[in-house]
1. Going by what's in this entry, would A:Leu105 be described as open to solvent by less than 20 Å² (accessible area, probe 1.4 Å), in contact (Cβ under 8 Å) with a residue 12 or more places away in the chain, within 25 Å of A:Ser153 (Cα to Cα) and more than 16 Å from ligand 2 (Cβ to nearest atom)?
2. Scan the range B:124-146 and give yes if some residue there is out of contact with any strand residue (DSSP E or B) (no Cβ under 9 Å at 6 or more places or on another chain), farther than 23 Å from A:Leu234 by Cα, open to solvent by less than 10 Å² (accessible area, probe 1.4 Å) and at pLDDT 95 or above, otherwise no.
3. I'm trying to understand the selection: among the residues of the range A:66-102, which are at pLDDT 95 or above, surrounded by 18 or more Cβ atoms within 10 Å (Cβ to Cβ) and of a type in the set (Lys, Arg)?
4. Of a type outside the set (Val, Ile, Thr), farther than 24 Å from B:Ala119 by Cα, modelled with pLDDT of 90 or more and away from ligand 1 (no atom under 16 Å from the Cβ), is that true of A:Trp202?
5. Are any of the residues in the range A:182-193 more than 16 Å from ligand 1 (Cβ to nearest atom), in contact with a helix residue (DSSP H, G or I) (Cβ under 9 Å, 6 or more places away or on another chain), more than 13 Å from chain B (Cβ to nearest Cβ) and not in a helix (DSSP H, G or I)?
6. Restricting the first residue to the range A:409-423 and requiring it to be among the hydroxyl-bearing types (Ser, Thr, Tyr), which pairs with a second residue that is more than 6 Å from ligand 1 (Cβ to nearest atom) and part of a loop (DSSP other than H, G, I, E, B) meet a Cβ separation below 6 Å and a spacing of at least six or different chains?
7. From A:Tyr545, A:Tyr441, A:Tyr480, which residue is of a type in the set (Ser, Thr, Tyr) and touching a Leu at 6+ places or on another chain (Cβ under 7 Å)?
8. Does the range A:242-253 contain at least one residue that is within 16 Å of ligand 2 (Cβ to nearest atom), within 12 Å of chain B (Cβ to nearest Cβ) and either at pLDDT 95 or above or crowded, with 17+ Cβ neighbours inside 10 Å (or both)?
Amino acid sequence: MYKYDLLDQSLVDERVAQYKGQLTRFLNKELTEEEFRPLRLQNGLYIQRHAPMLRVAVPYGLLSSTQLNKLADISDKYDRGYGHFSTRQNIQFNWPKLEDTPQILKELATVEMHAIQTSGNCIRNITTDQFSGVTPDEIIDPRYLAEIIRQWSTFHPEFALLPRKFKIAITGSSRDRAIVQAHDIGLEIFSDKDNEMAIKVWVGGGLGRTPILGSVIKENLSWKHILTYSEAILRVYNLYGRRDNMYKARIKILVKALGIEKFKELVEREWASIKDGPNTIDISEINRIKAFFSEPNYKNNKQNDLKKHVTNKSFSQWLSRCTHSHKKEGYRSVTLSLKSNKQAPGDATADQMRAVASLADQYSFGEIRVSHEQNLILADVLEDKLYELWEKAKVQKLTTPNVGLLTDIICCPGGDFCSLANAKSIPIANSIQDLFDDMDYLHDIGEINLNISGCMNACGHHHVGHIGILGVDKDGSEWYQLTLGGNQGNFASIGKVIGPSFSEEELPGVIKKIISTFIKHRHLDEIFIDCVSRIGLQPFKEAVYGKKEKKT
Amino acid sequence: MSSQLIINNSIVDDEWQLVMPPKADEEVKKQAGKVVMFKLTGEGSLTNEQIENTIFSKNGKVILPVGVFLHHQKDLKNRISKQEIGIWMETHEEIDSFINEINDINLLPLISVRVKKFADGRIFSIGNLLRLKYKYKNELRAIGDVLRDQLFFLKRSGFNSFHIREDRDAKDALLGLNDFTTPYQGAVDQKQPAWKIIKR
Ligand code: HEM
Ligand code: SF4
């Protein structure tokens, strides 16, 4: 993975000093609340319901065991012994003290970590496929381009105060696991007809209040121009994006208002004056960064002893759900589920973090990845070692065999932590997990994504969940609206609301009815989303609201 | 009273007088979606009446609103050649909308851009465009809600002159210019990205 040199380190150290100064000026009343706000946000610091929340960047979801151990120490020392992995592959601490934040950042800097641009109206953490570099369906490893974009976007002077936040996602696989179409800029790297690395560029996607999938702005951009082209997009957005209304300030609204053709015309005009300029990248820079992501020392191990253990049912369930094929024969990638019903989805305790760091050291070259589904991944595990790993991870409750299944719920912090929430989301997730805790039944139901957001800001990506749950406020009480048919990946789509919303008590029963309806209509091994596409919403509506009955 | 003006790296006295137009009779709100882009946000521009009624001193160095400058350009030839005339623009004004009406922007010794609110980052793109696309070489000044924590970015976006908001200490703000030693990306002040100029 990428390692800091003196330059990277000095930038991060200087940032710690800068932030410390800003906080001191704020505490001394030399900065007003309003003036301090954008500064603290660009350092990942929110002021939340109970305490500040600090969001730490995990660039494109990649962590070393040293870093994860440090995060564990920080959760013990400055927080309540746990952290929350987010859908943007970052980690959040819910209980730090404001005065401690400079010290936390200082400690993070010792392991090449920071909270730069994890919030606020700037270019955020670049996200990508959690299986980059190891998945057999990959065409080009997106990590080195992600790192190049990370460096370029860090403290980019022109884009330091955008109309609104700006998220970039990049994938290099035929199967998109980074939801590039739901980002301000989405990038898909591919190999063009001359076998040159090229990039398809989407712009103007995003969820939130106004869910919109991105539009293609460039079918085939040479990798050399990735930074200058992004600069042109961002300049047009920076100048013309709305700043008078924060709900209309995302680039998606601008693209929609102008139309993609007009928007593209403006971008191309801007690009003409900077194309081939100094920020054009060349092969030497690609190679320099690429070297950090070279293959680890894989063993040649064609045989494996997995057969010995297939009679162990829990192990084989885990094997089928939580391990993934690998480009190197003899290896698999492992997802450690953070979705047991005993914790909030995406939460990990300090002990769990240390255990995962140690497993990474023993079995996966000391590296860990965070997925946008809020789980942790060990990317390079020898098949021979899977059983051993499983036994150790089980002790830490990290082997719930539910990855990709109904209880692998993507969930925002919701009303328990977030001051913007209409409704709680974690207890909803836990009650659904409790209801579907029979692993056999869960495996029979098969692949399905359930996403929960506590309000229309959509941090839990409910629009692209096969089942989406959205917290809504009705006369001051908490209700939940249900959408069906959302999807991520290459066939991304936005789910449709099925009807009036439900109370917290009704909700588990409703999910049960939806699942039974699916089981009743499903063809053979058909998965939920395909069934919904085939039969439409009507059968589900009838199951939930009753037939043709007038809704009161 | 000490000065609020930073040019390059020091606090200096301000030789210029900033000229403000009179307030408009009524807020001019433009419709969304018309030809000029900034109208999307409904931000007003100067009315002809405001332009005609703007008064400024007959001698000495003055910074005129762009609209006022264009209106008087012909009569000001003499003063322009004496380097007495600068202009200022708002962040929602489009450079393209006036640049062709000015013979040569490098005849202007000063261009100022006013940022009304700290969080308005359009000023950075404007600096970049003036310097790199329109090749403006003289003093480029940030005015308005200009505070310490913008300075590093403003400098990198081509500004070399900063009028710090009246209630803040310019000496303190000066420190902001050096928040970071070697940034990653090429911008206006240092055009080459770090990887091209130092061995990494
Ligand atoms: C608890 C503090 C949090 C607050 C106050 C917060 C606030 C917001 C707001 C206001 C938006 C909408 C922005 C817009 O549409 O312009 C948003 C979007 C988003 N948040 Fe959060 N959030 C929080 C936590 C989280 C967490 C924990 C995650 C990950 C699990 C997350 C992931 C996201 C994502 C992915 C979006 C983007 C949706 C889109 O594409 O528009 N947020 N957040
Ligand atoms: S979706 Fe709403 S409730 Fe949930 S974290 Fe985001 S802002 Fe808070």
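1. Details: open to solvent by less than 20 Å² (accessible area, probe 1.4 Å): yes; in contact (Cβ under 8 Å) with a residue 12 or more places away in the chain: yes; within 25 Å of A:Ser153 (Cα to Cα): yes; more than 16 Å from ligand 2 (Cβ to nearest atom): yes.
Yes, satisfied.
2. So far as the range B:124-146 goes, no, none of its residues is out of contact with any strand residue (DSSP E or B) (no Cβ under 9 Å at 6 or more places or on another chain), farther than 23 Å from A:Leu234 by Cα, open to solvent by less than 10 Å² (accessible area, probe 1.4 Å) and at pLDDT 95 or above.
3. Result: A:Lys70, single match.
4. Answer is no for this residue.
5. yes
6. Matching pairs, first to second residue: A:Ser419/A:Arg49.
7. So the residue among A:Tyr545, A:Tyr441, A:Tyr480 that is of a type in the set (Ser, Thr, Tyr) and touching a Leu at 6+ places or on another chain (Cβ under 7 Å) is A:Tyr480.
8. yes
The values are calculated or read from the model by the stated rules, or taken from the named source; none is laboratory data. No experiment lies behind these values; they were computed from the predicted model shown. When we count neighbours, we look across all protein chains shown, and the Cβ atoms used for this are built from the backbone with ideal geometry, even at glycine. Just the protein is used for accessible areas: all its heavy atoms, side chains included, with ligands, DNA and RNA removed. Shrake-Rupley method; radii C 1.70, N 1.55, O 1.52, S 1.80 Å.
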